[in-house]
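Reading through the structure tokens given below for one structure.
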Amino acid sequence: MKHEKRHTIIILILLWRFFSELYILFKKPKRVTKKKYLLYAFLLLNAFAYAQQFTNYSTKDGLPSNHIYKIAQDEKGFLWIATDKGLVKYNGNTIKTFTTKDGLATNDVWEVFPTPDGKIWYLSKSSKLGYIENDSVFAFESEQKGEIFNPIFSSQVGNKIFLTSSNTFHVLKDERWKLLMKYRLGDSIAANSFINHPTIASFKTTELLDSVFVQDKNNKTIESYDFKNVLNRIHKRGQITDSLFYWVNDKQYSILNLNTLKLYNRNFKDELALEQSKHVRINIVNNKIQISGNGFVGVLDADFHIKNTYYIPEHLKAHFALIDKTGSIWISTFTDGIYYLPIEKQNIKYCLTGEKVNNIKKVNDKIIANVFNKGFYKLNQSKNEFSPFIDEDEYLFNATYIDELDTEFYMSSRHVKTVKENIIKDVHVQDTVYFMNDKARQLVFYNDYLFGQFSLGINKINPNKFSVEVEYLQSGINELLIFNDKFLVATSSGLKEFKNNVFSSILFNNQEFNQSILSINKVSETEILLNTDGFGSYLTDLEAIKQLPKSEFLIVNNAYIENNTIWLATESGVLKYTKINDEFVFQMLIDKVSGLPSNSVNNVIVNQENLMVVTNNGIAILPINIKQRSQLLDVYIENALFNSQPITASNSVFKYEDNGNLNFKISNINFAETQKNFSFNYKLEPIHKDWTQTTINNLNFNNLQPDSYTLFIETQGFTDQVRFIIKPLWWQKFWFKAVLVLFGIFLVVLISRHFVRRSQFKKHQKIFEDKRLSELQLKALRSQMNPHFVFNSLSAIQYYIGENDFEKSELYLVKFSKLIRQFFELSKENEISLETEVSLLQNYLEIEKLRFKEKLDFTIHVDSDLDTKNTKIPTMLLQPIVENAVNHGIFNKLENGLVTLNFIDIEQRTFKVEIIDDGVGFANTNNRQSDDVKSSNVLHDRLHFLNYSEKWEIDYNAEELNPNSINKGNKSVFIITKKQK
């Protein structure tokens, strides 16, 4: 209420001044300019709109005081706010206040100068002045002990600050404020100044303050200027660049180019249509010269004329304003803190502010807005303003133009009014019981009749009498549309078609669409747009249906379509779509951040180059080509801590600690009024190779190992980084790890060699024992077989003696002794030549033939390819099998028998031996003399040990030749390979 009363008073004052100046304009034209008249008209016409434009920051938002002297912006984009209770740093998110607790000499800071080197110089009436750098306060005293500074005319030139009072000039040198110049009391000091310039040293003035003299380093006057009526009302003066000096009072300002000595004189009456302005200051802001005072802020062009002027509403009581890097405006007051006007809102016009506007439509040649409880308002195209057209203090339904009748219809809860040829008529529609309009809330023309939506359905209305002829009941109707000769009805349960006096649901792709439809819009000759209550918007040709992207679950109140562009009016703002390659593509969201009075939008239309958005808080008129501008100015690492120790350029090396904790706080400079989910990318090298995106501004890392680290952050092209080192402890250093690794390797090698040697010793020992065992086994087998042969031979000799055949017994004994002698000679050998083996077998068979007389015959065949002299065979390997063939095959045979020995060459070092007899076979032998046959099992044991010795590979096989014959016969086959070592 307080602000509303103040606003009303301001408007009355403006009206009084407007009409007063208008009277003067016509009666006394010489006393006022047309430009001034236009200024008052501008302020008056926009007074109503300003209430919604500005955002106010005060003590309730964290400022230490509402008494604001000045606002400045540094190179990075931070705002610095000088107050009577401290110096404030603001990034759009957090307010940080520097006071005497932080090192200021006084909290009453009334001037601030950011310099390109990152320092923020603060000025006040104090004995210590200095700057803030990296959030640390530095304060310095004068070289004259106890001096109090009163630097009301101070200047900034590059990175240097010159403290200038009425009669002293100081510059910081060796951490002391050094006195550069001092004027004696009584001197004319209104224009005196120290100048930082290669040739110009200072200015002088006359006692009458009507001239200024420029002096060189030798105090010689090199130029003079007429300064009448300037210096006697001086407000500010100072050097603003290395080549520009200015003077300003409440009516004019002068700028001298120190290089060319050209003086530029400008007055506010010509530049701004203002007679005067208090508290005018000229500053370098973001590399441009800005001028600000009561009621305005602007930028000086190359000729030092004021351009891009923004007139500050008088009711704000502003004394200073700043245009920031994004073009937004910050306004200082002595009573209400700061007002903020983003650049998006500067080009927006607000109409019917504070009024609930339900709808806006183009009706015939008019643009009509429905203002709740006030009526239908019409847009004045020339002034771009809305004014009352049809008063109506009831609820408004709709405004419609029926082209077939050339008539406009304006419908409310009690009335239907028509406009034709600019004549307004009231149509009788009131119900006699409830005195309500229940004929038509919306009208369409179809088949020569008007059809009006009402609470229970639609009415068929005679267009001449406006009388209801038929009622068609259908609950939940929200809007009617005639599209391609189809009568479409938007209902709370989907889209229906009214045909043949019947409502039927429209199926899309043979499926029912039952969402609540709030409105329908024609998109093209073949498509319409369905806007739903909480499910977004859908495009359809009445056969297929698809949703507009990014409209999911939105409440879409209405839409406007023009030039292949769709504007959706939703509860979350206005969504813009553009048709690209036959598809509507989402372009942007326009909401409160963009300057809307509210995100809840009832409807939107395009008029010429303007977008008109209606809300429950008035109408906003925006440029149709509005662009979203990022207010982000920087992203930075605000705090970096390792185990609560700050990480800085001078403190970036830390000793390793168990469970070390690393914390980073990430901030950004962003003055957007609504900041949602600010996100950025980060990576901590060398741990991370890829970027990680997050919306959390606190990063924590634990138990980092010793290494050199760099944290990188990035978003929208802005970057920052911090480097630090975690030093290893002595046992974590490389040399210790290297020694430890080498010792471990040495220990492993030593242990491995021990176990390898032990394993090899055991392996060799086992091999030796196995070989020894094999040799013992072979010798045992040989010793086992030799007595068997001897026994058989002695039995034969005994037989001949018993038969008194001394001749044969003698012959047998000679051959036997020769064989025994040969056997004993070779028994010491493990292997013999094949030639020797054949000779032994031949001697043996000859002895056996003597024993068997003519009953035994034998043949020995040796392959001519066999090298019998150099081919080796195990000693006495074949003799047991030959013996079995004789004793167990031929012996048991009634008729004569034959033993055949075949020696066949296979390949180098491999040959085959076949021992064949035509005896009685294994079966008969086993039945008769099983005990004798068992002795042949010794052969299998011997073969096992021979193969195990790894010197031989011997394969043995035996079979019966003629199983079905009486004389079956046996065949034994050896395949013998002598392995090569």
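The values are calculated or read from the model by the stated rules, or taken from the named source; none is laboratory data. Everything quoted here is computed from the prediction, not taken from an experiment. With ideal geometry, Cβ positions are generated from the backbone for all residues, glycine too; neighbour counts draw on all protein chains shown.
List the strands (runs of 3 or more DSSP E) that sit entirely inside region 279-385 and contain at least 1 residues that are closer than 22 Å to Ile71 by Cα.
Numbers: elements: 281-285, 288-293, 296-300, 306-311, 318-323, 329-333, 338-341, 349-351, 357-363, 366-371, 375-380.
Once the strands (runs of 3 or more DSSP E) in region 279-385 are filtered for at least 1 residues that are closer than 22 Å to Ile71 by Cα, what remains is 281-285, 288-293, 296-300, 306-311, 318-323, 329-333, 338-341.
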TODO: Working only within region 512-532, note down all residues that are of a type in the set (Val, Ile, Thr) and surrounded by 15 or more Cβ atoms within 10 Å (Cβ to Cβ).
DONE: Ile517, Ile520, Val523, Ile528, Thr532
Task: Residue count for region 368-379, restricted to those that are closer than 16 Å to Tyr350 by Cα and either among the hydroxyl-bearing types (Ser, Thr, Tyr) or at pLDDT below 95 (or both) - done: 1
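For every residue, the table says whether it meets (1) hydroxyl-bearing (Ser, Thr, Tyr); (2) surrounded by 14 or more Cβ atoms within 10 Å (Cβ to Cβ); (3) in contact with a Pro (Cβ under 9 Å, 6 or more places away or on another chain).
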site	(1), (2), (3)
Ile482	no, yes, no
Thr491	yes, yes, no
Lys496	no, yes, no
Asn510	no, no, no
- [ ] Mind listing whichever residues of region 875-918 are in contact (Cβ under 8 Å) with a residue 40 or more places away in the chain, of a type in the set (Asp, Glu) and not in a loop (DSSP other than H, G, I, E, B)?
- [x] Glu883, Asp905, Glu914, Asp917
TODO: Filter region 705-762 down to residues that are among the small types (Gly, Ala, Ser) and outside any helix (DSSP H, G or I) and give me whichever is nearest to Gln693 (Cα to Cα).
DONE: Gly717
Open item on the list: Just the residues that are in contact with a strand residue (DSSP E or B) (Cβ under 6 Å, 6 or more places away or on another chain) and either part of a loop (DSSP other than H, G, I, E, B) or of a type in the set (D, E, K, R) (or both), please, taken from region 487-497.
Closed with: Lys496, Glu497
TODO: Out of the residues in region 624-677 that are assigned to a strand (DSSP E or B) and exposed (fewer than 15 other Cβ atoms within 10 Å of the Cβ), state the one that is nearest to the chain's Cα centre (by Cα).
DONE: Lys665
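Report yes if Lys85 is over 18 Å from Gln156 (Cβ atoms), surrounded by fewer than 20 Cβ atoms within 10 Å (Cβ to Cβ), without any contact (Cβ under 8 Å) to a residue 24 or more places away in the chain and not assigned by TED's automatic domain parsing to the domain that holds Thr719, otherwise no.
Working: over 18 Å from Gln156 (Cβ atoms): yes; surrounded by fewer than 20 Cβ atoms within 10 Å (Cβ to Cβ): yes; without any contact (Cβ under 8 Å) to a residue 24 or more places away in the chain: yes; not assigned by TED's automatic domain parsing to the domain that holds Thr719: yes.
It is true that Lys85 is over 18 Å from Gln156 (Cβ atoms), surrounded by fewer than 20 Cβ atoms within 10 Å (Cβ to Cβ), without any contact (Cβ under 8 Å) to a residue 24 or more places away in the chain and not assigned by TED's automatic domain parsing to the domain that holds Thr719.
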Task: Single residue of region 342-362 satisfying the filter (surrounded by 22 or more Cβ atoms within 10 Å (Cβ to Cβ), within 24 Å of Ile291 (Cβ to Cβ) and touching a Ser or Thr at 6+ places or on another chain (Cβ under 8 Å)) that is modelled with the lowest pLDDT - done: Glu344
TODO: Kindly indicate the residue of region 688-712 that is among the polar types (S, T, N, Q) and surrounded by 12 or more Cβ atoms within 10 Å (Cβ to Cβ) and also nearest to the chain's Cα centre (by Cα) among those meeting that condition.
DONE: Thr694
Open item on the list: For the condition assigned to a loop (DSSP other than H, G, I, E, B), surrounded by 18 or more Cβ atoms within 10 Å (Cβ to Cβ) and either touching a Phe, Trp or Tyr at 6+ places or on another chain (Cβ under 7 Å) or among the charged types (D, E, K, R) (or both), what is the one hit in Phe553, Phe535?
Closed with: Phe535
Task: Matching residues, region 113-153, being at pLDDT below 90 and in contact with a strand residue (DSSP E or B) (Cβ under 7 Å, 6 or more places away or on another chain) - done: Phe153
- [ ] Give the number of residues within region 51-80 that are at positive phi and surrounded by fewer than 21 Cβ atoms within 10 Å (Cβ to Cβ).
- [x] 1
Task: Which numbered condition Gly186 fails, given (1) surrounded by fewer than 14 Cβ atoms within 10 Å (Cβ to Cβ); (2) modelled with pLDDT under 90; (3) under 24 Å from Tyr253 (Cα atoms) - done: (3)
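May I ask you to list the residues in region 947-980 that are among the aliphatic types (A, V, I, L, M) and surrounded by 12 or more Cβ atoms within 10 Å (Cβ to Cβ)? Let's see the steps before the verdict.
Here is the first cut: in region 947-980, the residues among the aliphatic types (A, V, I, L, M) are 954, 958, 961, 966, 973, 975-976.
Result: Ile954, Ala958, Leu961, Val973, Ile975, Ile976.
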Task: Filtered residues of region 234-278 (kept if buried (at least 18 other Cβ atoms within 10 Å of the Cβ), on the phi > 0 side of the Ramachandran plot and assigned to a loop (DSSP other than H, G, I, E, B)) - done: Ala273
